[in-house]
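Reviewing the structure listed below.
The values are calculated or read from the model by the stated rules, or taken from the named source; none is laboratory data. Bear in mind that the values here come from a model prediction, so they are computed numbers and not experimental data. Because the Cβ atoms are built from the backbone with ideal geometry, glycine has one as well, and the counts that use them run over all protein chains shown. Areas reflect the complete protein model, heavy atoms only, side chains present, ligands, DNA and RNA absent. Shrake-Rupley method; radii C 1.70, N 1.55, O 1.52, S 1.80 Å.
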Amino acid sequence: MKTIGDNRPQPLGGTGELAQLLSNDFDIRGRRVAVLVDGAVRDSVIHQRVTAALHGSHNHTLVLHSSGDVSSVLALADRLADAQLVVGLGGGSLLDQAKLATLVAAGPKVSARLTVPQRSGLIVLPSAPTRPMPLIAIPTTVGTGSESSAVACLTYTQRKRLVMGKALQPEVAVIDPEATVTLPQELIAEGVLEALFRLVSPYVGDHSRLPSQDARVETTAGRLVRLGDEVRNAALAGRRCCDRLRREIAEVSGSTHDAWFHAGRDPYAVKGWLIANELSSALAIRKMTAVSALLPPLWQAIDAGEERLGSARRLRRLWSVLRSENPEELPTDPAPGVAALIDSWMIGRRIAVTPSQIEAVAGRIVRAWGAGLPMLGGLESDALLPVLRAAAEQVPETSSASGP
């Protein structure tokens, strides 16, 4: 089994490979195994396969029904304290809870960092916490790549924070298409867009030219556009996405967390992601609805010369690569082009807000990521407001904001 502390999770191609690994490389006979399973997939085929792979262990199943918050993660850590192996089966939210709880179980340092009062939207974990038991992550969604990442989202009162630390990465990541067989088509399309946005944000946000890293991003981004088009074509033909397509999307999504894509870049060249995260939390809308609404006006601002958000030159170069996948249907300019791409993938991007809500969101973004903190790079509300206003449909103050 992968040694705890290695840089990347050990990838496995399904529960068959998982069973072989557990049998040959990690003797689970008599071991205490905790299986965290999303209530939506409890007793499903993939859950049954995971249980079969754990034959010979003393396994205990914990069913999680919600996204959880800091209190529930701390409580979960207590329940996992005696486990010798943890298996997480679920979407990005469940896997994030598993990653955090298994580290909290190591001792008080991590829990102290998670609970210290602060205004920042970012929590950086101690440099070398040690997970006391291996974590095997089996995603039932695509897009987040949580099974491979060194980050996790954690909910606090009326907001989410991004938690970062290399020790968050699971020891093993299992990609099995059976785990995503019932995933709705629209969520698969959103997963492709999420991976694409995560991949290209540092490329566009950083002004430096790094030939090797740039080439990797461009090649992978083009591949994601092709995969998104495949998802759309399947939907238009009335077909479900095949196993091969879902597996490939999951594998590429997970790979976008690899550090070699962006080695040498500004770690805070992802301002669009930070803005979208706060927009989602503040308006209580889905993350990818916020991303879909924000991306065209964000790119418009960059293309118009707002250098604090990113490089217009690099954005144009990237869009030429993405547009080459379907030049007849996509506009030549990046902002209308990415809007057309999102619409072609049938991803909703409508948000309705009042003017006061937009003002509040802008202030919230600055408080969590700027105003002396380094993440926004000096951006203030006056620069954020035009982007936020362009991302949303303005409604009167007496109306209720809404999103899909």
Q: Would you please name the residue that is farthest from ARG286 (Cα to Cα), looking only at residues in region 260-276 that are among the aliphatic types (A, V, I, L, M) and in a loop (DSSP other than H, G, I, E, B)?
A: ALA263
Q | Residues within region 275-318 that are more than 16 Å from the chain's Cα centre (by Cα), open to solvent by 10 Å² or more (accessible area, probe 1.4 Å) and among the charged types (D, E, K, R), tallied | A | 7
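State yes or no: is ARG131 open to solvent by less than 40 Å² (accessible area, probe 1.4 Å), basic (Lys, Arg) and modelled with pLDDT under 95? Walk me through it before giving the result.
Values: open to solvent by less than 40 Å² (accessible area, probe 1.4 Å): yes; basic (Lys, Arg): yes; modelled with pLDDT under 95: yes.
Criteria met by ARG131.
Against the condition crowded, with 17+ Cβ neighbours inside 10 Å, over 20 Å from GLY228 (Cα atoms) and aliphatic (A, V, I, L, M), how does LEU183 come out, does it pass? So that I can check it myself, show each step before the final result.
Working: crowded, with 17+ Cβ neighbours inside 10 Å: yes; over 20 Å from GLY228 (Cα atoms): no; aliphatic (A, V, I, L, M): yes.
So LEU183 does not fit the description; no.
Taking the criterion of being in a loop (DSSP other than H, G, I, E, B), under 27 Å from LEU279 (Cβ atoms), small (Gly, Ala, Ser) and in contact (Cβ under 8 Å) with a residue 24 or more places away in the chain, would at least one residue in region 156-165 satisfy it? Working first, answer last.
Residues of region 156-165 that are in a loop (DSSP other than H, G, I, E, B), as a first pass: 157-158, 165.
Those left that are additionally under 27 Å from LEU279 (Cβ atoms): 157-158, 165.
Next cut, small (Gly, Ala, Ser) only: 165.
Applying the additional criterion that residues be in contact (Cβ under 8 Å) with a residue 24 or more places away in the chain yields 165.
Yes: region 156-165 contains one or more residues that are in a loop (DSSP other than H, G, I, E, B), under 27 Å from LEU279 (Cβ atoms), small (Gly, Ala, Ser) and in contact (Cβ under 8 Å) with a residue 24 or more places away in the chain.
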Q) Residues VAL172, VAL200: which one is more than 26 Å from LEU125 (Cβ to Cβ) and at pLDDT 95 or above? A) VAL200
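Just name the residue that is most open to solvent (accessible area, probe 1.4 Å) out of those in region 215-245 that are among the acidic types (Asp, Glu) and in contact (Cβ under 8 Å) with a residue 60 or more places away in the chain.
The qualifying residue most open to solvent (accessible area, probe 1.4 Å) is ASP243.
Can you tell me which residue is nearest to ALA259 (Cα to Cα) among those in region 161-178 that are in contact with a Gly (Cβ under 8 Å, 6 or more places away or on another chain) and open to solvent by 10 Å² or more (accessible area, probe 1.4 Å)? I'd like the intermediate steps shown before the answer.
Let us first name the residues in region 161-178 that are in contact with a Gly (Cβ under 8 Å, 6 or more places away or on another chain), namely 161-162, 167, 170, 173-178.
Add one more test, that the residue is open to solvent by 10 Å² or more (accessible area, probe 1.4 Å), and what stays is 161-162, 167, 175-178.
Details: ARG161: 21, LEU162: 17, ALA167: 14, ILE175: 20, ASP176: 24, PRO177: 25, GLU178: 28 Å.
Here the answer is ALA167.
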**Q.** Looking only at region 142-160, and only at residues there that are crowded, with 24+ Cβ neighbours inside 10 Å and of a type in the set (S, T, N, Q), the one that is farthest from VAL70 (Cα to Cα)
**A.** SER148
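Could we say that ILE136 is at pLDDT 95 or above, among the β-branched types (Val, Ile, Thr), open to solvent by less than 10 Å² (accessible area, probe 1.4 Å) and not in a helix (DSSP H, G or I) here? Steps first, please.
Details: at pLDDT 95 or above: yes; among the β-branched types (Val, Ile, Thr): yes; open to solvent by less than 10 Å² (accessible area, probe 1.4 Å): yes; not in a helix (DSSP H, G or I): yes.
Considered against the rule, which asks whether it is at pLDDT 95 or above, among the β-branched types (Val, Ile, Thr), open to solvent by less than 10 Å² (accessible area, probe 1.4 Å) and not in a helix (DSSP H, G or I), ILE136 comes out as yes.
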**Q.** Any helices (runs of 4 or more DSSP H) falling wholly within region 292-404 and containing at least 2 residues that are of a type in the set (D, E, K, R) and more than 18 Å from GLU190 (Cα to Cα)
**A.** 312-323, 355-369, 381-391
Q: Look at region 186-212 and say how many of its residues are open to solvent by 30 Å² or more (accessible area, probe 1.4 Å), closer than 21 Å to GLY264 by Cα and out of contact with any Asp or Glu (no Cβ under 9 Å at 6 or more places or on another chain).
A: 5
Q: Please work out which residue is surrounded by the fewest Cβ atoms within 10 Å (Cβ to Cβ), limiting yourself to region 327-351 and to residues that are modelled with pLDDT of 95 or more and more than 17 Å from LEU193 (Cβ to Cβ).
A: THR332
Q) Any idea how many residues of region 348-362 are touching a helix residue (DSSP H, G or I) at 6+ places or on another chain (Cβ under 6 Å) and closer than 19 Å to ARG119 by Cα? A) 2
Q. If you check GLU359 against the conditions, is it without any contact (Cβ under 8 Å) to a residue 24 or more places away in the chain and open to solvent by 80 Å² or more (accessible area, probe 1.4 Å)?
A. no
Q. Tell me, which strands (runs of 3 or more DSSP E) lie completely within region 1-111 with 3 or more residues that are surrounded by 21 or more Cβ atoms within 10 Å (Cβ to Cβ)?
A. 32-38, 85-90
Q: Using the structure shown, decide if ASP229 is of a type in the set (Asp, Glu), more than 29 Å from GLY305 (Cα to Cα) and assigned to a helix (DSSP H, G or I).
A: yes
(Q) Quick check on my filter: what residues within region 177-214 are in contact (Cβ under 8 Å) with a residue 12 or more places away in the chain and over 30 Å from ARG308 (Cβ atoms)? (A) PRO177, GLU178, ALA179, THR180, VAL181, THR182, LEU183, GLN185, GLU186, LEU187, ILE188, ALA189
